[in-house]
1. In Å and from the alpha-carbon atoms only, list the Rg and Dmax of the range 397-442.
2. From the Cα gyration tensor of the range 1-44, with a ≥ b ≥ c the square roots of its eigenvalues, which class applies: rounded if a/c is under 1.5, or else prolate if a/b is larger than b/c, or else oblate?
3. So how do 130-139, 110-119 stack up, highest first, on mean other-Cβ count within 10 Å?
4. Order of 290-299, 201-210, 374-383 by packing, highest average Cβ count within 10 Å first?
5. What nm value, rounded to one decimal, do you get for the distance between residue 253 and residue 102 when each label is placed 7 Å out toward the C-beta?
6. To two decimal places, what compactness ratio does the range 152-289 give when its Cα radius of gyration is scaled by 2.2 N^0.38 Å?
7. Using amide H atoms built 1.01 Å from N in the peptide plane, name the residues 5+ places from residue 437, or on other chains, whose amide H lies under 5 Å from its own.
8. Could you order 10, 16, 318 by accessible surface area, starting with the largest, using a probe radius of 1.4 Å?
Amino acid sequence: MVADYLTIAEAARLIETRELSPVELVDSRLDRIARLDDRLHSFIRVLADEARAAARAADAEIAAGKYRGPLHGIPIGLKDIYETAGVATTGHSKVMQDHVPKADAFSVAKLRQAGAVVMGKLATHEFAFGGPSFDLPWPPARNPWDTSRFTGGSSSGTGAAVAAGLVLGGTGSDTGGSIRGPAAYCGLAGIKPTYGLISRAGILPLGFSLDHAGPMAWTAEDCAILLQALAGHDPADPASAKVPIPDYRAALQSGAKGLRIGLIRHFYERDNEANAATRQAIDGAAKTLEGLGCSVRDITLSPLADWAACGVTIMLSEAYAIHEANLRRRFTDYGEIFRDRMALAGLITAADYVQALRRRRELVDELDRAMADLDLVMTAAAPSEAPPIDQVPKFTIMNPPSLTMPFNVTGSPAMSVCCGYTDAGLPLSFQIVGKRFQDATVLRLAHAYEQATPWRQNRPQL
């Protein structure tokens with residue numbers, strides 16, 4: 001019998017040594033989806049037949065000595081903004097519910113090349129922005145730790161499916177926090193890589209200059225395995241970076257000793273005040289990192305409201321440019337939250353957008369200067385545990401200022417890492433941020449922290 005919860009790394013070891021077959025693993029996940037997902041709504045579309053066929057093919061290849069690596073035969077899910085050949089990609093919206101792409105997104109093709117088995121398409125906020133919404137063709141995903149709670153957004157289905165063990169990893173996108181938010185609320189590891197590291201070609205856009213694609217999984221090691229497959233230059237994405245791709249998993253072994261970390265305390269103690277449990281958990285994480293041989297010191301940046309206003313102005317302007325034609329023609333086909341946020345975006349002027357771009361340049365330089373003698377910075381990923389799903393305000397992106405948006409503005413690699421649980425058993429999280437293209441250092445610190453703490457042993461009891 002296959003365990004309810006396996007990491008990618010654990011399953012890969014069992015598959016490589018032929019103790020577990022991809023067919024057994026995929027069947028066990030399909031059974032779990034059938035039993036649990038009517039409560040979680042993490043999937044928009046389960047691709048059971050396709051997944052079984054891919055698992056059988058993986059089994060045959062591995063038996064023939066053609067093992068592709070640690071994703072071979074591993075069941076994953078795709079946020080439903082990642083285009084899939086011959087399978088509807090909807091953005092969780094009525095506007096695109098009949099959209100069937102002819103080709104896989106570049107990133108999806110890379111995952112398939114690595115041998116990953118696509119289990120289906122996962123719930124998202126509408127076009128990775130409007131949610132949690134109850135007036136769309138599919139319900140919003142629910143948090144496996146407590147199904148009355150919010151998953152975070154917009155990679156909501158990925159957060160729920162990975163936390164519940166329905167898949168072993170998945171894809172998210174992050175324009176203002178949409179990987180790190182669900183990772184925080186669902187107790188996962190989720191990395192928004194450096195801007196341009198993963199191609200966005202074939203991923204439905206939200207804000208061209210802020211959109212990042214990235215992996216979500218249970219551990220930093222699993223994120224490193226996924227990032228290895230996803231990263232790489234793609235001429236079809238004009239923002240795609242042509243940089244050498246290191247061995248992310250090998251880099252994890254370097255440990256944390258000697259890393260210099262700046263703690264941006266004012267972001268979550270003053271600017272967007274975190275609750276006591278979150279502050280205590282982050283203090284504990286800082287002490288753990290010091291115990292691992294890191295130096296941790298407070299640093300001060302511009303107020304969080306500056307970062308958030310800059311990022312939100314850019315995001316709304318770019319999203320409105322993408323959706324304007326459809327908003328004019330099909331306004332009421334969008335859900336209420338998305339269309340009301342976009343109606344607000346229509347009031348932003350070209351001057352506002354240009355001034356936000358100018359401010360962005362200043363803020364990027366500010367973080368670069370602050371990190372000149374640091375390796376990483378850390379701060380809160382969310383101000384609290386997951387709130388009730390029916391108490392998320394329509395304009396939550398505006399107020400209070402987002403703790404995740406600053407690092408979309410800068411394009412820095414940023415990762416949510418679980419750092420404890422509330423008395424009620426809900427996950428708490430902090431954020432690790434690196435210099436651009438130093439994603440391996442972010443993963444290295446996250447892995448060292450996970451190895452030194454007990455949090456990864458705890459799973460939702462569904």
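The values are calculated or read from the model by the stated rules, or taken from the named source; none is laboratory data. All values reported here derive from a predicted model rather than from experimental measurement. Don't worry about glycine lacking a Cβ; one is built from the backbone with ideal geometry, like all the others, and counts go over all protein chains shown. All accessible areas refer to the heavy atoms of the entire protein, side chains included, with ligands and DNA or RNA removed. Shrake-Rupley method; radii C 1.70, N 1.55, O 1.52, S 1.80 Å.
1. 13.0, 37
2. On the way: a/c = 2.85, a/b = 2.29, b/c = 1.24.
Verdict is prolate for the range 1-44.
3. For the peptides 130-139, 110-119, the packing ranking is 110-119, 130-139.
4. Sorting 290-299, 201-210, 374-383 by mean packing, highest first, produces 374-383, 201-210, 290-299.
5. Calculated label separation equals 4.6 nm.
6. That ratio works out to 1.12.
7. Under 5 Å from the amide H of residue 437 lie the amide H atoms of 194, each far enough along the sequence or on another chain.
8. 16, 10, 318
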